[in-house]
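The values are calculated or read from the model by the stated rules, or taken from the named source; none is laboratory data. Keep in mind that what you see is a predicted model, and the values were worked out from it rather than measured. Counting neighbours? That spans all protein chains shown, and the Cβs are built from the backbone with ideal geometry, glycine included. We work out accessible area using only protein heavy atoms, side chains counted, and drop any ligands, DNA or RNA first. Shrake-Rupley method; radii C 1.70, N 1.55, O 1.52, S 1.80 Å.
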Amino acid sequence: MTQGLIVYESYGGTTERYAAWLGETLDLPILPLSACRSSTFEGVPLLIFGGAVHGGEISGLKKLRRLLRRQEGHQTLYFATGLRAANEDTLGRLRRANDLPDAPLWYLRGGMDKSKLTPGDKTLLRCYRAMLSRRRDLSPEDEELLCLVQIPGDYTDRESLAPLIAAARARLTPSGAAAV
């Protein structure tokens, strides 16, 4: 039995990169959500789930909830990646949009690789960019976001995982079982 498992859903690769860093640091296996079944989580006391933010929702979260519907006895830590600044406002938006009011949730800066966007994603991005550029009074955060959606880039930062790593370690006991 594993002491924990890291599961992720990634669009452009940044969520997968964070999952790999977590797995390496915590010595836990990682799996893409697409490889998981309900039985994957049996006997796993600590689950760390990460998904890219897509239209305000954490990708893969609905599927994870379906897979965990009848599962008990584990704790879940969540992380999400996206272009917005990592701050309390962004975290609050994610909590509300994804019905995670009290769950342990971390937001990490991701990135954007336009070559991995679907035609639909590209259209939504153009609409979002147009909407932002038409606003008269942009917040500093929205001004930064307007620049970021026009210029692809990777904004991942391994050090930003420190609070999530500390929380995961606090839930793991020396015997290798998660503290419930």
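Of all residues in the range 61-84, those that are in a loop (DSSP other than H, G, I, E, B) and touching a residue at least 60 places away in the same chain (Cβ under 8 Å) total 4.
Can you tell me which residues in the range 145-180 are of a type in the set (A, V, I, L, M), assigned to a helix (DSSP H, G or I) and at pLDDT below 75? Across the range 145-180, the qualifying residues are 145, 146, 148. Selection within the range 93-134: residues that are assigned to a loop (DSSP other than H, G, I, E, B) and at pLDDT 75 or above. The member of this set that is surrounded by the fewest Cβ atoms within 10 Å (Cβ to Cβ) is 102. Condition check for residue 37 on (1) under 19 Å from residue 158 (Cβ atoms); (2) in contact with a helix residue (DSSP H, G or I) (Cβ under 9 Å, 6 or more places away or on another chain); (3) surrounded by fewer than 20 Cβ atoms within 10 Å (Cβ to Cβ): one failure, at (1).
All of 88, 72, 42, 57 fail the test of being under 19 Å from residue 162 (Cβ atoms) and open to solvent by 50 Å² or more (accessible area, probe 1.4 Å), apart from 88. Of all the residues in the range 1-43, those that are aliphatic (A, V, I, L, M), part of a helix (DSSP H, G or I) and without any contact (Cβ under 8 Å) to a residue 40 or more places away in the chain number 4.
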